[in-house]
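A short worksheet on the structure shown next.
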Amino acid sequence: MEYDFRRIEKAWQQKWKESKIYQVSNDSVNPKFYVLDMFPYPSGAGLHVGHPLGYIASDIYSRYKRLKGYNVLHPMGFDSFGLPAEQYALDTGQHPAVTTKKNIATFKAQLDNIGFCYDWSREVQTSDPHFYKWTQWIFLQLFNSYFCHTEKKALPISLLIKKYETKGSMPKTGEPVPGKHFTAEQWNAFSEKEKAEILMRRRLAYCGYGEVNWCEALGTVLANDEVVNGVSERGGHPVVKKTLRQWYLRITAYADRLLEGLDTIDFSDAMKEMQANWIGKSSGAEIDFSINGHEQKLRVYTTRPDTIFGVDFMVIAPELELVNEIKSVPQAAAVDEYLAYVKSRSERERMAEKKITGVFTGAYAINPFDDREIPIWISEYVLAGYGTGAIMAVPCGDDRDHRFAKHFAIPITNIIGDHYDGEEANPTKEAVLQNSGFLDGLVMKGAMDVVLEALETKGIGIRKVNYKMRDAAFSRQRYWGEPFPIVWKNGIAYPLNESELPLELPHVDSYKPGPEGEGPLANIDTWVQQDLETNTMPGYAGSSWYFLRYMDPHNDKEFCNRETSDYWNQVDLYIGGTEHAVGHLLYSRMWTKVLYDLDLIGHDEPYKKLVNQGMIQGSSRFVYRLQTGTAAGRDNQIPLNKNGLPIQVFISKSYYDQGLKLNIETILKKVNAHINIFNGVELRNDYGFLVSQLHVDVNMVNGIELDVESFKKWKPDFEDAVFITEEDGKYICGTEVEKMSKSKFNTVNPDDLVAKYGADTFRMYEMFLGPVEMSKPWDTKGIEGVHRFLKKFWRLFVDEAKGLLVTDGEPSMEELKVLHNAIRKIENDTERFSFNTGVSSFMIATNELTDLKCHKRSVLEPLLILLAPYAPHVAEELWMLLGNKTSILDVSYPLFEEKYVKESTKAYPVAINGKTRTELTLPLDITQKEVEEIAVKDEVVQKWLEGKTPKKIIYVKNKMINIVV
RNA sequence: GCCCGGGUGGCGGAAUUGGUAGACGCAGCAGACUCAAAAUCUGCCGUCCGCAAGGAUGUAUCGGUUCGAUUCCGAUCCCGGGCACCA
């Protein structure tokens with residue numbers, strides 16, 4: 001009986017499905033464990049080998065935990081709202097719901113092919129009205145809540161209204177500010193619209209105005225990555241910024257709690273750091289500078305008030321209104337020109353480019369401490385959205401300020417003496433201040449407080465904590481997303497009643513954007529007539545809470561039953577890519593905190609532990625096509641292939657690398673030897689042939705060698721193509737590591753590999769590739785080795801001719817040692833997500849047991865259980881062949897016993913001056929003194945000592961011996 | 001530009017983070033079995049010198065700490081990811 005993985009895998013997948021063995025109950029005596037994958041966006045391209053990496057890891061862990069006696073929740077679903085489906089609809093007219101449904105079916109079939117243990121009865125799809133009903137419902141909770149800064153938590157907005165009605169909103173200290181503070185009487189006298197506007201300033205989901213990338217030619221709003229170099233990716237039309245009404249989530253209110261929460265969860269330090277940087281908490285000061293000849297003040301935000309005497313110029317963001325108010329007459333034209341330039345640039349470009357740009361406004365600010373005049377500039381490196389949109393520039397201490405000053409030849413004041421060399425800024429906080437008036441002689445760190453107090457006394461500055469994080473834009477001018485359950489009447493947003501949910505997306509015929517940057521919903525008369533909000537929610541709405549829905553997916557009364565969410569509680573293990581580091585992971589953390597504050601769930605962090613899977617990159621292959629057609633100016637001379645297309649010539653990599661000019665004669669000769677393309681043409685060096693680099697389907701390339709025959713069949717114009725190969729007759733392709741994508745022909749479909757080698761091999765190979773957390777390019781090359789291992793493992797149990805080999809004999813100590821070493825290593829590796837070394841441990845154990853000719857049940861059965869999480873199909877099959885009646889999924893994990901692997905001696909490496917020279921086998925309980933005596937007597941040691949006495953002998957138990965001469 | 005990862009044989013990686021560098025696998029080479037092929041098995045396999053024993057060298061580059069550094073520190077170079085409307 002051979003290892004017939006096709007039959008085995010098909011049969012067991014069918015049996016598992018029929019017996020509903022993966023269905024999980026919300027009610028169990030076993031402890032719970034929740035393993036979650038970041039659910040995929042079901043793109044039209046289907047699953048490629050990069051997707052399953054994390055899924056396989058989580059599947060192994062889930063199965064492992066089940067064997068360890070846990071009630072394991074391991075669900076899967078689809079993040080099925082999103083831009084690509086809408087774009088596809090725009091291009092083809094196919095409804096996103098239709099393509100999404102089709103794509104999901106493909107994804108599910110591909111996933112099932114790999115043998116995952118998902119409980120599909122709990123599947124969620126974010127675009128399903130049964131699901132997004134509750135996304136809308138949670139949005140209403142956000143809309144109807146505000147953040148109470150005293151209690152530091154979300155509370156119902158009704159409490160705030162009650163407070164306004166009875167106490168108004170008055171400052172704790174100081175004078176009330178008109179427009180900001182009001183008494184209860186004033187509140188009660190406000191119009192409904194005035195009240196609504198005040199409340200909008202506190203709601204967790206609120207409406208405001210924000211800038212978007214607007215493309216007039218396409219009549220639509222574009223995502224940042226749809227904008228390239230200031231023009232649209234599609235069509236190359238100009239893109240400008242446009243202010244539109246937008247919904248926001250007040251995530252900034254949660255900045256501190258999101259930051260503090262990081263201490264309570266098990267994320268990698270890198271991930272925590274990324275989130276912390278995104279939140280970007282900094283403390284500093286806001287300082288008001290007077291402007292010469294103007295009423296207005298210039299308010300800047302700085303983290304370094306101690307450097308105030310080093311301010312040589314001010315920079316304000318071009319977007320600030322103030323620019324137009326203070327620009328001087330002689331500078332007005334230059335300023336206007338600059339503003340036009342900035343308007344065309346994306347924020348990303350402004351940050352990324354090294355180019356220093358800016359213009360002087362003609363106005364001067366006054367340093368409050370020494371009355372110095374400070375020129376005010378505008379420049380794109382200052383962002384309107386952060387701080388006050390204005391900075392005080394201290395060139396001797398800040399690198400960007402320094403470059404700016406050098407570029408525009410602004411004189412630099414040195415306030416840190418020797419710490420500044422005139423060439424490069426020095427951001428030290430340790431220097432003693434000079435040229436700094438009353439601060440002279442103070443260490444910068446200590447000067448901060450002195451300045452702050454002086455500013456506060458003068459009433460021109462306050463201490464201020466700032467966050468880089470901005471409120472999250474929560475609306476999109478798109479069709480394929482959740483509609484907002486909001487009706488607009490007289491400019492006031494009213495929530496729909498719960499009973500009116502879900503507010504379903506209307507079916508439309510056209511997905512064209514609405515007028516003036518509005519979403520496609522604005523084109524639908526019935527929608528607009530009902531005064532419904534025309535924006536839709538962004539891609540991350542559904543994913544901000546989907547992990548709760550899996551717990552109670554069919555509940556039509558609540559988003560999730562409270563008892564159930566208390567049982568499953570946090571996700572114990574969350575696996576997904578780092579690309580979500582700051583988006584999804586922060587938003588879902590915020591939503592969880594809000595739901596917790598409103599007492600709708602019992603935990604305030606969604607994920608206990610996060611494991612980041614690395615990205616599987618594509619490894620692209622290129623062929624090099626010689627331009628023989630129009631570009632080479634000799635159309636008529638090119639013979640045609642069978643399909644009536646000009647015959648193409650491809651040169652192998654080494655010719656391309658050497659440079660075509662050098663080799664053109666050789667190449668032309670070779671071409672002519674194949675086919676008479678250049679008949680009668682004098683072969684000269686200066687034709688200037690062009691070579692274009694084309695992506696070739698990686699599935700047609702074996703390593704780097706092109707399969708010429710399949711390539712010729714790939715496209716009609718490649719038929720009869722001529723290949724200029726290397727000396728050995730091989731056509732070698734170029735390579736590059738890029739993102740996996742269909743357009744680069746570097747995707748590998750898991751289905752193909754499963755068909756060829758089986759799901760078990762595929763699963764183990766993906767794990768064997770390297771650590772899950774690490775990014776790496778895909779390479780199918782090594783999969784044979786894993787497949788061979790499984791066949792070898794099979795042969796421990798079954799012989800092709802003799803059938804089952806397993807005997808009931810007593811295992812030897814040696815065999816037990818192999819088994820228990822395997823148990824220890826594999827359990828440990830699985831626990832710490834080191835699946836690649838886990839797989840290699842299986843190989844080692846299998847090799848050793850094969851060498852020992854061990855076919856004993858008492859050794860093989862436990863080993864089989866170890867394998868079950870990694871290769872479930874073959875494990876079930878062999879388990880059944882061993883005569884077991886119940887599934888291997890529900891047995892218990894083998895126990896490691898120390899006594900079988902205990903050693904009494906160890907072979908110590910002996911180094912002389914740090915270089916290993918020999919080995920000594922010594923008892924483990926040996927003392928330092930005994931080691932010294934034995935070591936110096938050793939022949940090899942003697943030789944290296946050359947008669948000298950060792951200075952020192954270092955003996956580290958269980959590690960090594962080092963003799964220092 | 002800013003933030004975060006990562007650089008180890010021909011290749012993927014191991015060394016559970018200061019203690020024998022290269023486990024396991026791929027590829028390659030030599031051999032066994034076979035009429036042959038597939039499958040399987042055995043041996044070799046970083047580089048340099050050497051028939052070998054052995055020696056030198058070696059974890060991106062340069063420098064440092066240490067009895068000892070792939071691991072820690074400083075500088076540099078290269079690659080990948082994120083940067084708020086891609087998901």
How many of the residues in the range A:65-100 are within 16 Å of RNA strand B (Cβ to nearest atom), at pLDDT 90 or above and out of contact with any Phe, Trp or Tyr (no Cβ under 7 Å at 6 or more places or on another chain)?
-> 3
Taking A:V212 and the conditions (1) without any contact (Cβ under 8 Å) to a residue 40 or more places away in the chain; (2) closer than 20 Å to A:Y341 by Cα, which numbered condition does it fall short on, given that it satisfies the others?
-> (1)
Cβ pairs under 7 Å, 6+ apart or interchain, first in the range A:783-804 and under 16 Å from A:L852 (Cβ atoms), second β-branched (V, I, T) and more than 6 Å from RNA strand B (Cβ to nearest atom), ordered by first then second residue, are A:K792/A:T846; A:K792/A:T850; A:F793/A:T846; A:L796/A:T846; A:L796/A:T850; A:F797/A:V806
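Per-residue answers, yes or no, for (1) touching a Ser or Thr at 6+ places or on another chain (Cβ under 7 Å); (2) of a type in the set (A, V, I, L, M, F, W, C); (3) surrounded by 21 or more Cβ atoms within 10 Å (Cβ to Cβ):
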site	(1), (2), (3)
A:Y511	no, no, yes
A:E533	no, no, yes
A:A541	yes, yes, yes
A:N555	no, no, no
Looking only at the range A:808-822, and only at residues there that are buried (at least 21 other Cβ atoms within 10 Å of the Cβ) and either without any contact (Cβ under 8 Å) to a residue 60 or more places away in the chain or within 13 Å of RNA strand B (Cβ to nearest atom) (or both), the one that is farthest from A:V49 (Cα to Cα) = A:E815
Applying the selection to the range A:732-749, what residues are in contact with a helix residue (DSSP H, G or I) (Cβ under 6 Å, 6 or more places away or on another chain) and buried (at least 19 other Cβ atoms within 10 Å of the Cβ)?
-> A:I732, A:N746
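Of all residues being aromatic (F, W, Y) and away from RNA strand B (no atom under 16 Å from the Cβ) in the range A:554-593, which is nearest to A:Y146 (Cα to Cα)? Just the residue, please. Please lay out each step first, then the result.
Step one: list which residues in the range A:554-593 are aromatic (F, W, Y), which gives A:559, A:567-568, A:574, A:587, A:591.
With away from RNA strand B (no atom under 16 Å from the Cβ) added as a condition, the list becomes A:559, A:567-568.
Values: A:F559: 21, A:Y567: 28, A:W568: 28 Å.
Among those residues, the one meeting the criterion is A:F559.
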So A:T927, is it surrounded by 17 or more Cβ atoms within 10 Å (Cβ to Cβ) and of a type in the set (S, T, N, Q) = no
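Under the condition of being farther than 30 Å from A:Y41 by Cβ and part of a loop (DSSP other than H, G, I, E, B), which residue from the range A:447-484 is nearest to RNA strand B (Cβ to nearest atom)? Walk me through it before giving the result.
If we filter the range A:447-484 for residues that are farther than 30 Å from A:Y41 by Cβ, which is where we start, we get A:447-466.
Keeping just the survivors that are part of a loop (DSSP other than H, G, I, E, B) gives A:459-460.
Values: A:G459: 31, A:I460: 28 Å.
Here the residue is A:I460.
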If you check A:G417, A:G422, A:G461, which single one turns out to be in contact with a Leu (Cβ under 7 Å, 6 or more places away or on another chain), assigned by TED's automatic domain parsing to the domain that holds A:Y301 and over 30 Å from A:L585 (Cα atoms)?
-> A:G461
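Among the strands (runs of 3 or more DSSP E) contained in the range A:246-322, which hold 1 or more residues that are of a type outside the set (A, V, I, L, M, F, W, C)? Don't jump to the end; show me each part of the working.
Numbers: elements: A:281-291, A:297-302, A:313-316.
Per the criteria, A:281-291, A:297-302.
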Looking at this structure, is A:L298 in contact (Cβ under 8 Å) with a residue 12 or more places away in the chain and either within 25 Å of the chain's Cα centre (by Cα) or within 30 Å of A:A541 (Cβ to Cβ) (or both)?
-> no
Test: residue in the range A:424-436 that is without any contact (Cβ under 8 Å) to a residue 12 or more places away in the chain and farther than 19 Å from A:V451 by Cα | no
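Quick grid of which residues meet (1) over 27 Å from A:T243 (Cα atoms); (2) outside any helix (DSSP H, G or I); (3) touching a Gly at 6+ places or on another chain (Cβ under 7 Å):
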position: A:T526; (1), (2), (3): no, no, no
position: A:L548; (1), (2), (3): yes, no, no
position: A:M551; (1), (2), (3): yes, yes, no
position: A:K557; (1), (2), (3): yes, yes, no
position: A:C560; (1), (2), (3): yes, yes, no
position: A:D566; (1), (2), (3): yes, no, yes
For A:V839, the lone unmet condition from (1) more than 30 Å from A:R621 (Cβ to Cβ); (2) in contact with a helix residue (DSSP H, G or I) (Cβ under 8 Å, 6 or more places away or on another chain) is (1)
When A:G542 is run through (1) among the small types (G, A, S); (2) outside any helix (DSSP H, G or I); (3) touching a residue at least 60 places away in the same chain (Cβ under 8 Å), the failure sits at (2)
Being within 15 Å of A:S588 (Cα to Cα) and within 13 Å of RNA strand B (Cβ to nearest atom) is the filter here, so list the residues in the range A:249-270 that pass it.
-> A:L249, A:R250, A:I251, A:T252, A:Y254, A:A255, A:L258, A:F267
Odd one out for A:R400 among (1) surrounded by 16 or more Cβ atoms within 10 Å (Cβ to Cβ); (2) within 16 Å of RNA strand B (Cβ to nearest atom); (3) touching a residue at least 40 places away in the same chain (Cβ under 8 Å) = (3)
How about the range A:217-245: which of its residues are part of a loop (DSSP other than H, G, I, E, B), under 17 Å from A:V342 (Cα atoms) and either near RNA strand B (Cβ under 10 Å from one of its atoms) or at pLDDT 75 or above (or both)?
-> A:H237, A:V239
In the range A:537-564, which residues are among the hydroxyl-bearing types (S, T, Y) and over 27 Å from the mean Cα position of the chain (by Cα)?
-> A:T564
From A:T916, A:T905, which residue is surrounded by 11 or more Cβ atoms within 10 Å (Cβ to Cβ), of a type in the set (S, T, Y) and near RNA strand B (Cβ under 9 Å from one of its atoms)?
-> A:T916
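When you look at A:G168, is it in contact with a Ser or Thr (Cβ under 7 Å, 6 or more places away or on another chain), free of Cβ contacts under 8 Å to residues at least 60 places away in the same chain and over 30 Å from A:Q87 (Cβ atoms), yes or no? Give the steps one after another, and end with the answer.
On the way: in contact with a Ser or Thr (Cβ under 7 Å, 6 or more places away or on another chain): yes; free of Cβ contacts under 8 Å to residues at least 60 places away in the same chain: yes; over 30 Å from A:Q87 (Cβ atoms): yes.
Yes; evaluated as a whole, the condition is true for this residue.
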Considering only the range A:361-395, state which residues are at pLDDT 85 or above, in contact with a Gly (Cβ under 8 Å, 6 or more places away or on another chain) and assigned to a loop (DSSP other than H, G, I, E, B).
-> A:F369, A:D370, A:S379, A:V394, A:P395
Quick one: A:Y574 ticks every box in (1) among the hydroxyl-bearing types (S, T, Y); (2) without any contact (Cβ under 8 Å) to a residue 24 or more places away in the chain; (3) assigned by TED's automatic domain parsing to the domain that holds A:L600 bar one, so which box is it?
-> (2)
Considering only the range A:53-74, state which residues are closer than 21 Å to A:G614 by Cα and assigned to a loop (DSSP other than H, G, I, E, B).
-> A:H74
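Considering only residues that are charged (D, E, K, R) and either more than 6 Å from RNA strand B (Cβ to nearest atom) or in a loop (DSSP other than H, G, I, E, B) (or both), look in the range A:769-792 and name the one that is surrounded by the most Cβ atoms within 10 Å (Cβ to Cβ). First the steps, then the outcome.
Start the filter on the range A:769-792 by keeping residues that are charged (D, E, K, R), which leaves A:773, A:776, A:779, A:781, A:784, A:788, A:791-792.
Still in the running and either more than 6 Å from RNA strand B (Cβ to nearest atom) or in a loop (DSSP other than H, G, I, E, B) (or both): A:773, A:779, A:781.
Working: A:E773: 16, A:D779: 13, A:K781: 9.
Here the answer is A:E773.
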What is the one condition in (1) surrounded by fewer than 17 Cβ atoms within 10 Å (Cβ to Cβ); (2) near RNA strand B (Cβ under 10 Å from one of its atoms); (3) among the aliphatic types (A, V, I, L, M) that A:L805 does not satisfy?
-> (2)
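The values are calculated or read from the model by the stated rules, or taken from the named source; none is laboratory data. Fair warning: this is a prediction, and the values are worked out from it, not measured in the lab. Reconstructed Cβ throughout: ideal geometry from the backbone, glycine too, with neighbour counts over all protein chains shown.
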